[in-house]
1. Filtering the range 60-103 down to residues that are away from the ligand (no atom under 16 Å from the Cβ) and assigned to a loop (DSSP other than H, G, I, E, B), which residue is surrounded by the fewest Cβ atoms within 10 Å (Cβ to Cβ)?
2. Show the residue pairs that are 6+ apart or on different chains and have beta-carbon atoms under 8 Å apart, the first residue being within the range 57-85 and in contact (Cβ under 8 Å) with a residue 24 or more places away in the chain and under 15 Å from G38 (Cβ atoms), the second being within 14 Å of the ligand (Cβ to nearest atom) and open to solvent by 50 Å² or more (accessible area, probe 1.4 Å).
3. Only one of (1) aliphatic (A, V, I, L, M); (2) part of a helix (DSSP H, G or I); (3) surrounded by 18 or more Cβ atoms within 10 Å (Cβ to Cβ) is not met by V228, so which one is it?
4. Quick one: A234 ticks every box in (1) under 29 Å from the mean Cα position of the chain (by Cα); (2) outside any loop (DSSP other than H, G, I, E, B); (3) not β-branched (V, I, T) except a single one, so which number is it?
5. Using the structure shown, decide if E211 is in contact with a helix residue (DSSP H, G or I) (Cβ under 7 Å, 6 or more places away or on another chain) and either at positive phi or surrounded by 14 or more Cβ atoms within 10 Å (Cβ to Cβ) (or both).
6. What are the residues in the range 135-177 that are open to solvent by less than 10 Å² (accessible area, probe 1.4 Å) and at positive phi, if any?
7. Would it be correct to say that I317 is among the β-branched types (V, I, T), in contact with a strand residue (DSSP E or B) (Cβ under 6 Å, 6 or more places away or on another chain) and in contact (Cβ under 8 Å) with a residue 24 or more places away in the chain?
8. Restricting to the range 17-41, what's the tally of residues that are open to solvent by 30 Å² or more (accessible area, probe 1.4 Å), within 12 Å of the ligand (Cβ to nearest atom) and either outside the structural domain of A128 (by TED's automatic domain parsing) or not charged (D, E, K, R) (or both)?
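The values are calculated or read from the model by the stated rules, or taken from the named source; none is laboratory data. Every value quoted in this text rests on a predicted model; they were computed, and no experiment measured them. All Cβ positions, glycine included, derive from the backbone under ideal geometry; neighbour counts span all protein chains shown. The accessibility values were calculated without ligands, DNA or RNA, using every heavy atom of the protein model including side chains. Shrake-Rupley method; radii C 1.70, N 1.55, O 1.52, S 1.80 Å.
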Amino acid sequence: MTTGEKKERTARVVVLGTGGTIAGRARGAGDNVGYTAGEVSVSDLIEGLEVPGVALCAEQVANIDSKDMDARVWHALAARCVHWLAQDEVAGVVVTHGTDTLEETAFFLHEVLAASKPVVLTCAMRPASALVPDGPQNLRDAIALAAMPGVQGVTVVCAGTVHGAPDVQKVHPYRVDAFSSGDMGPVGYIEEGRLRQARSWPTTPAGQARESMRKAALAVSWPRVEIVTSHAGAGAALVDLLVREREGGAVEAVQGLVVAATGNGSVHATLEQALLRAEAAGISVVRATRCAFGQIVPGARHALRDAGALSPVKARIALMLSLMQG
Ligand code: SIN
């Protein structure tokens, strides 16, 4: 904790660790790719990190490679966010996370938390052991944002840019500036601990978030929703197999399908017929565009509903939450 001479306000920020490259370690300092994610504890990540006017505390929720993210960790993470955000003395929460499924966790939290305080996810593209790691600066920026009065909602901070949870997407497998907010553009930028805001904070209506959180908290197991891709030569076999599995009474049979559709939501004719059969068999089907930018523009008539601006992975989360019985 640092206190200024003028007795400046001290904001408390809680850092929740989930793993990722930011907590990764390689054998040599020159190795930025051959490392193990989720090796360093979140307490070690904040050790010696001083952000003026901020008191820090850390909690380890998980320590995994985010490719292995699952509903159990999401459940625990959302519960800890709810707990800490309810404390009057807590200004905001930071979540350290791997970059690979960061946009999914951010969107999930956005859907279940009506966060009137900041929840800021951050990450790194280089392991903590790197010669020039990017994690410490990202973490510093995220903490500075989480401590600022007036900041709201779920955001992602990486390489000095603040992205809103609904728009953020990983777009590069190596560069330190690996994320984009697509057509919407970033919410803002963090420069030397100060925010330059470009647009309003992402928010979720309180009633909707409460209902999603209630269902997610009560669900014994989350509905199985799979993603299939429409591409040149796409066939019906995979979808037909899932339908047969369901009709045969399989445990945890599929309840929803997201089709990663081409362009403005079009689907290969053979796959589309299979998806219509799946819908007739009681499976919820949603189309989401494969394109990295833009959204499905309404107009063209289609038998299957679309997910608008949501990417396939985010459409899957939205569909899972809508299918939960609570
Ligand atoms: C992960 O997502 O946990 C590994 C990759 C990364 O954080 O960049």
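1. In this case the residue turns out to be D88.
2. N63/E39; D65/T36; D65/D100; S66/D100; K67/D100
3. Status for V228: all satisfied but (2).
4. Failed condition: (2).
5. Numbers: in contact with a helix residue (DSSP H, G or I) (Cβ under 7 Å, 6 or more places away or on another chain): no; either at positive phi or surrounded by 14 or more Cβ atoms within 10 Å (Cβ to Cβ) (or both): yes.
In short, no.
6. The one that is open to solvent by less than 10 Å² (accessible area, probe 1.4 Å) and at positive phi: G153.
7. The answer is no for I317.
8. Summing the residues that are open to solvent by 30 Å² or more (accessible area, probe 1.4 Å), within 12 Å of the ligand (Cβ to nearest atom) and either outside the structural domain of A128 (by TED's automatic domain parsing) or not charged (D, E, K, R) (or both) in the range 17-41 gives 4.
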